[in-house]
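A.B. asks: Below is a structure I'd like to ask you about.
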Amino acid sequence: MSLIVHKYGGTSMGSVERIRQVARRVAAAKDQGHDLVVVVSAMAGETDRLTDLAYEICADPPAREVDMLISTGEQVSASLLAMALCDIGHPAISFTGSQIGMLTVGHHRKARIQEVHAERVIEKLRQGLIVIITGFQGLDVEGNITTLGRGGSDTSAVAVAAVLKADLCEIYTDVDGVYTADPRLVPNARKLKHVSHDTMLEMATLGAKVLQSRSVEFAKKYHVPLAVRSTFSDDPGTLIVEEISEMESTVLTGVTLLRDQARINVLDLPNVPGIAAKIFKAVAEEGVNVDMIVLTENNYGGTDISFTLGIGDIKIAHATAERICNDVSAKGVTVEKDVAKVSVVGIGMQSQPGVAADLFDALGSNGINIEMISTSEIKISCLIKSKDVDLAMRVIHERFKLGEDAVIADKETQA
Ligand code: ADP
Ligand code: ASP
Ligand code: MG
């Protein structure tokens with residue numbers, strides 16, 4: 001007998017009928033003799049609805065109270081699923097993150113799981129119950145409810161699987177696996193049978209929201225066997241594995257898109273040592289993650305610094321940049337909100353020259369302006385205007401022929 005963790009996302013839990021469907025899938029796995037822990041998201045749209053309510057009542061709601069509010073969506077779906085299971089003769093019990101000692105650190109709305117005290121889960125499994133757990137939430141050291149960032153139920157599931165040493169963690173969602181690009185944006189995107197941890201981590205970080213990036217970090221660190229599958233089919237989905245064999249590897253695995261980015265430009269800073277540290281230290285102290293950074297000497301001998309960040313942090317980052325700007329008598333701060341980041345990801349690009357040139361050409365020859373570039377060994381990212389994202393995704397996917405079986409890829413690996 002093995003222990004399996006299932007995770008069901010918002011669309012999968014989106015209505016009473018869909019919750020019943022999930023219950024039948026969970027019951028079928030239980031009937032095969034497995035122990036089952038199920039982590040659930042809120043019903044589709046619920047987290048957005050609750051977040052909007054917070055901003056309707058107050059322009060700047062306290063993050064602690066936002067967490068109190070938005071964590072409730074998962075409590076609704078967890079209890080409904082437990083009821084649906086009991087109704088078909090499979091005793092189940094639901095717990096919140098707090099009830100199973102899911103302890104977190106860090107800021108509200110982007111807390112990180114530190115420990116899970118799963119004794120209650122183990123006890124209920126021993127009694128033969130199916131255990132349902134609310135995703136997306138935990139408890140900080142002071143006893144406040146926290147949430148793990150959008151898409152955080154994936155991370156809850158993998159963390160629970162890691163602690164319970166589960167034999168498998170299956171992420172059930174509304175697509176049947178990980179694709180070379182978001183199949184909603186690129187119709188001929190190809191489903192991948194396997195993706196390595198490192199590639200998946202990079203893709204998730206760069207916008208492939210099919211998995212929250214931290215869930216992949218946990219899977220890698222704790223060796224959790226992880227699969228992405230569809231709630232609505234029996235397709236085996238995509239396995240996230242330690243490594244892809246050379247036969248299966250390609251230069252590029254996928255193209256990703258991160259919307260809702262913003263860019264802050266701090267103009268004409270004194271060109272002296274320590275100035276960048278001053279800005280980024282102040283921004284980091286506010287809990288803001290900065291992404292791309294460009295630092296240039298301008299025509300007047302001063303320094304211009306531009307950086308990008310998620311749009312949710314723009315208010316606090318802008319105010320912080322203005323403060324530093326005044327402190328050091330810089331010229332001013334400008335903000336751009338209509339930008340997004342497209343990236344190509346692939347382990348193989350380390351040994352393949354010309355990927356960057358091809359990427360820039362694909363964008364340039366389609367009239368798409370590149371505003372910033374950042375690279376690592378396994379990815380190249382470009383900041384572009386939001387209006388260009390759909391075209392950019394398609395032309396990049398096309399240029400690198402990601403929809404076709406790769407030349408050196410093993411046909412067997414293509415789904
Ligand atoms: P859930 O609510 O089940 O957690 P999400 O909306 O968070 O589902 O993630 C699934 C979505 O991720 C898909 O509907 C798809 O549009 C999007 N997506 C983005 N990039 C990819 C990719 N490379 N492969 C598959 N899906 C992707
Ligand atoms: N309900 C949360 C969200 O919409 C968490 C999740 O679905 O993973 O982001
Ligand atoms: Mg998700």
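The values are calculated or read from the model by the stated rules, or taken from the named source; none is laboratory data. Every value quoted in this text rests on a predicted model; they were computed, and no experiment measured them. Positions of Cβ are generated from backbone atoms using ideal geometry, with glycine treated the same way; all protein chains shown enter the neighbour counts. Note: areas computed on protein heavy atoms with side chains; ligands, DNA, RNA excluded. Shrake-Rupley method; radii C 1.70, N 1.55, O 1.52, S 1.80 Å.
A.B. asks: Starting from the 7 Å offset along Cα-to-Cβ, what nm value, one decimal, do you get for the label separation of ASP358 and TYR55?
C.D. replies: 3.9 nm
A.B. asks: Out of residues 5 or more away from MET372 or on other chains, whose amide H comes under 5 Å of its own, with H placed 1.01 Å from N in the peptide plane?
C.D. replies: Amide H neighbours of MET372: LEU383.
A.B. asks: What's the whole-number percent of alpha carbon pairs in segment 40-143 lying beyond 23 angstrom?
C.D. replies: Tail of P(r) above 23 Å: 33 percent of Cα pairs.
A.B. asks: Could you tally the net charge around GLY14, taking each other residue with its Cβ under 14 Å from the Cβ of GLY14, Lys/Arg +1 and Asp/Glu -1?
C.D. replies: -2
A.B. asks: Considering only segment 92-226, what is the antiparallel percent among its DSSP beta bridges, to the nearest 5?
C.D. replies: In segment 92-226, DSSP labels about 55 percent of beta bridges as antiparallel.
A.B. asks: With +1 on each Lys and Arg Cβ and -1 on each Asp and Glu Cβ, and nothing else charged, work out how big the dipole of segment 142-181 is about its Cα centre, in Debye to the nearest 20.
C.D. replies: For this selection, approximately 140 debye.
A.B. asks: Search the structure for amide H atoms under 5 Å from the amide H of ARG190, placed 1.01 Å from N in the peptide plane, and list their residues when 5 or more places away or on another chain.
C.D. replies: Here the answer is THR180, ALA181, since their amide H atoms fall under 5 Å of that of ARG190.
A.B. asks: May I have the convex hull volume per residue, in Å³, for the Cα set of segment 6-51?
C.D. replies: With only Cα atoms used, segment 6-51 gives 53 Å³ per residue.
A.B. asks: At 1.4 Å probe radius, can you tell me the per residue accessible area of segment 1-131 in Å²?
C.D. replies: 47 Å²
A.B. asks: For the pairs LYS193/LYS387; LYS7/LYS220; LYS191/LYS315, note any where the Cα-Cα span goes beyond 29 Å.
C.D. replies: Flagged as over cut-off: LYS193/LYS387; LYS191/LYS315.
A.B. asks: What is the set of long-range amide H partners of GLN114 at a cut-off below 5 Å, with H atoms built 1.01 Å from backbone N?
C.D. replies: Placed amide hydrogens put LEU103, THR104, VAL105 under 5 Å from GLN114.
A.B. asks: Something else: From the phi of every residue in segment 316-332, what ³J(HN,Hα) in whole Hz does the Karplus formula 6.51 cos²θ - 1.76 cosθ + 1.60 yield, where θ is phi - 60° and glycine or proline is x?
C.D. replies: These are the phi-based 3J(HN,Hα) values: 5, 5, 4, 4, 5, 4, 4, 4, 5, 4, 5, 4, 9, 6, 7, 6, x Hz.
A.B. asks: Mind listing the phi-derived Karplus ³J(HN,Hα) values for segment 204-213, rounded to whole Hz, using 6.51, -1.76 and 1.60 with θ = phi - 60°, and x for any glycine or proline?
C.D. replies: Values per residue, Gly and Pro as x: 5, 4, 8, x, 6, 6, 4, 9, 6, 4 Hz.
A.B. asks: OK, next. Return the FRET efficiency for the residue pair VAL105, LYS401: r is the Cβ-Cβ distance, R0 is 45 Å, and the value is rounded to the nearest 0.05.
C.D. replies: So, using R0 = 45 Å, E works out to roughly 0.55.
A.B. asks: Of the listed peptides 387-394, 350-357, what is their order by residue-averaged count of other C-beta atoms within 10 Å, with the highest listed first?
C.D. replies: 387-394, 350-357
A.B. asks: Here's another thing I want to ask about it. Show me the ranking of peptides 79-88, 35-44 by mean Cβ neighbours inside 10 Å, starting with the highest.
C.D. replies: The peptides rank, most packed first, as 35-44, 79-88.
A.B. asks: Ok, one more. In segment 311-413, what is the volume of the convex hull around the alpha carbon atoms, normalised per residue and reported in Å³?
C.D. replies: Looking at segment 311-413, the number lands at 147 Å³ per residue.
A.B. asks: Give me Rg/Rg_expected for segment 129-172, where Rg uses Cα atoms only and Rg_expected = 2.2 N^0.38 Å with N residues.
C.D. replies: 1.23
A.B. asks: If you keep only loop residues by DSSP, which GluC sites (Glu not before Pro) in segment 221-294 have at most 14 other Cβ atoms within 10 Å of their Cβ?
C.D. replies: Answer by residue number: GLU242, GLU243, GLU286.
A.B. asks: Follow-up. What percent do you get for the relative contact order of segment 200-251 when only Cα pairs under 8 Å and 6+ apart count?
C.D. replies: 23 percent
A.B. asks: If you take every DSSP beta bridge fully contained in the chain, what fraction is antiparallel? Give it as a percent rounded to 5.
C.D. replies: For the chain, the DSSP antiparallel bridge percentage is about 65.
A.B. asks: Magnitude of the Cβ-charge dipole of the chain, K/R +1 and D/E -1, about the Cα centre, nearest 20 debye?
C.D. replies: 460 debye
A.B. asks: How many percent of the accessible area of the chain is carbon or sulfur, using a 1.4 Å probe?
C.D. replies: Within the chain, the accessible surface is 51 percent carbon and sulfur.
A.B. asks: Enter the mean projected area of the convex hull around the alpha-carbon atoms of the chain, in nm², rounded to one decimal.
C.D. replies: Its average projected convex-hull area is 21.6 nm².
A.B. asks: Next question, about the same structure. Can you give the extra length, in nm with one decimal, that the chain gains between SER374 and ALA282 once fully stretched, where that is 0.36 nm per residue apart less the Cα-Cα distance?
C.D. replies: Extra length from SER374 to ALA282 when fully extended: 30.9 nm.
A.B. asks: Hey, another quick one. Let me check I've understood the local charge: for GLY152, count other residues with C-beta under 12 angstrom from its C-beta, Lys and Arg +1, Asp and Glu -1. What total comes out?
C.D. replies: +4
A.B. asks: What does the extension gain come out to for GLN350 and SER233, with contour length at 0.36 nm per residue minus their alpha carbon separation?
C.D. replies: Here the segment from GLN350 to SER233 would lengthen by 38.5 nm.
A.B. asks: May I ask for log10 I(q)/I(0) of segment 251-305 at q = 0.12, 0.17, 0.27, 0.32 Å⁻¹, from a Debye sum over the Cα atoms as equal point scatterers with solvent left out?
C.D. replies: -0.40, -0.67, -1.15, -1.36
A.B. asks: Any chance you could run the full-extension gain for GLU142 through ASN188? It's 0.36 nm times the residue separation minus the Cα-Cα distance, nm to one decimal.
C.D. replies: Here the answer is 11.7 nm.
A.B. asks: Distance in nm between label sites at SER2 and ASP174, each 7 Å beyond Cα in the beta-carbon direction?
C.D. replies: Each label point is offset 7 Å from its Cα along the Cβ direction, giving 2.9 nm.
A.B. asks: Using only Cα atoms, what is the ratio of the radius of gyration of segment 208-321 to 2.2 N^0.38 Å?
C.D. replies: 1.52
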